[in-house]
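The values are calculated or read from the model by the stated rules, or taken from the named source; none is laboratory data. This is a predicted model, so every value here is computed, not measured. Ideal geometry is used to build each Cβ from the backbone, glycine not excepted, and the neighbour counts take in all protein chains shown. With ligands, DNA and RNA removed, areas are computed over all heavy atoms of the protein, side chains included. Shrake-Rupley method; radii C 1.70, N 1.55, O 1.52, S 1.80 Å.
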Amino acid sequence: MDQPVTLILGLGQMTGEAVARRFADEGHAVIACDPSLKRVEKFSDSLRDRAIVHQEDLDTRIGVKNALAAALEAYGKVDHIVAVPPIPPKTPFVELDLAEFEKVHSKALRTSILTLQMFERHVAKRVEEAGETLGRRKQLGSVTFVLSLSAQQVNEGDFADAVVQHSILGVMRSGAVDLASKGIRVNAICALRPRAENEDPWLKKRTPLGRASLADEIADAALYLSLAKSAIITGETLTMDGGRSRLSGLIDDFDD
């Protein structure tokens, strides 16, 4: 069986590195791209011999295209994409700069849509070149977006993050329907990330399990969503919030 190839778009603070390590452990060839030179240099060192790490501006068509091209140059194909969009700065509605927000929102939407468009074209080209052998396979690839919990649960003061993450979630759901016939599955992970624990001192009181998701736990979930054993799952959101969303309307009582 050919070695699967996974492209990671965005490294985040810890999540992208954990995803790269987990997929490499499972035998995947891994290439990770991020717009931050500082992160690329850091992870290039820590992921030595485990993944190829490139700097790419993922906010543009050419950036996403270059990321895919780098994977094709290194491995000749891409089977899975794990996208980790950047989380906008915490911005309350009353402090929102509309012009700046429009730029952030537009970039996030453009990148998520371009990711699906270019991956679909790559898969279609592979099928065309391989013929019936590949075309008969029901699963030809997967895309998993790793989002913040704001994509599902909105907290006061998180206006920018919530709107951007909800928009990407919409792209995921609509894309899953349109790409199902192409053999491509599209899902999302909405996780209460470690960063949130540092920013929110009340997190432990508001979360039944008392902590944020670990980067390794998010990586394990992303791996599962890429496997053939999850072949029936598409258009779905795996929520990793330690039970926090189950407390809707009961948070005050729980805090007491």
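Points to keep in mind about this one:
- Selection status of A221, modelled with pLDDT of 95 or more, in a helix (DSSP H, G or I) and open to solvent by less than 20 Å² (accessible area, probe 1.4 Å): yes
- Taking first residues from the range 215-234 that are among the hydroxyl-bearing types (S, T, Y) and partners that are open to solvent by 60 Å² or more (accessible area, probe 1.4 Å), the Cβ contacts under 9 Å between residues at least 6 apart in sequence or on separate chains come to Y224/L238; S226/E26; S230/Y224; T234/V177.
- Some residue of the range 198-205 being at pLDDT below 95 and either of a type in the set (S, T, Y) or surrounded by 21 or more Cβ atoms within 10 Å (Cβ to Cβ) (or both): no
- Residue selected from the range 64-102 under the condition in contact with a strand residue (DSSP E or B) (Cβ under 7 Å, 6 or more places away or on another chain) and charged (D, E, K, R), by the criterion farthest from I8 (Cα to Cα): K77
- Filtering the range 110-124 to residues that are more than 17 Å from I8 (Cα to Cα) and hydrophobic (A, V, I, L, M, F, W, C) leaves only A124.
- Residues of the range 209-240 classified as under 19 Å from G183 (Cα atoms), among the aliphatic types (A, V, I, L, M) and under 13 Å from the mean Cα position of the chain (by Cα), total: 3
- Members of the range 140-197 that are surrounded by fewer than 19 Cβ atoms within 10 Å (Cβ to Cβ), part of a loop (DSSP other than H, G, I, E, B) and out of contact with any Pro (no Cβ under 6 Å at 6 or more places or on another chain): Q152, Q153, V154, N155, E156
- Restricting the first member to the range 17-31 and to residues that are without any contact (Cβ under 8 Å) to a residue 40 or more places away in the chain, and the second to residues that are assigned to a helix (DSSP H, G or I), the beta-carbon pairs closer than 7 Å and six or more apart or on different chains are V30/A20; V30/F23; V30/A24.
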